[in-house]
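Written out below as structure tokens is the structure these notes cover.
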Amino acid sequence: MTNGQETIIKLLGRIAFTEEYIMKIVKFKKGAKAQVYVNCYNACDGTRSVTELAKIVNVKANTLFPILKQWEEIGIVFVAQSSGGKFYKKVRTLGW
């Protein structure tokens, strides 16, 4: 994926989803761990593996993967690279 393509995806994500809406999705049914999942979402910068992201939440990669896949299907993250594993990238930073 080129930088131009990533820019377009991020721009469309920002148009389609407000920060508040993404926050609701990320925190949905996360209870006391809600902020940790926000931290995980914000860490989706295209450089961290699913295993590295799972460590942020203190869960196993196979527990986090379905959540990341759901976020991808909704459109709040996208796969930045696929060689050597999946690396997810957020469409906007939350809470800044």
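The values are calculated or read from the model by the stated rules, or taken from the named source; none is laboratory data. Bear in mind the structure is a predicted one, so any value in this text is a computation, not a measurement. Note: ideal-geometry Cβ built from the backbone for every residue, glycine included; neighbour counts use all protein chains shown.
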Anything in the range 66-94 that is farther than 23 Å from Glu20 by Cα and either charged (D, E, K, R) or in contact with a helix residue (DSSP H, G or I) (Cβ under 6 Å, 6 or more places away or on another chain) (or both)? List them, or say none. Lys86
Looking at (1) modelled with pLDDT of 95 or more; (2) aromatic (Phe, Trp, Tyr); (3) closer than 29 Å to Thr2 by Cβ, find the lone condition where Tyr37 falls short. (3)
Give the residue that is farthest from Lys10 (Cα to Cα), with candidates limited to residues of the range 67-96 that are more than 11 Å from the chain's Cα centre (by Cα) and of a type in the set (Ser, Thr, Tyr). Ser83
Could you run through the range 1-37 and say how many residues are touching a Lys or Arg at 6+ places or on another chain (Cβ under 7 Å), free of Cβ contacts under 8 Å to residues at least 40 places away in the same chain and of a type outside the set (Phe, Trp, Tyr)? 1
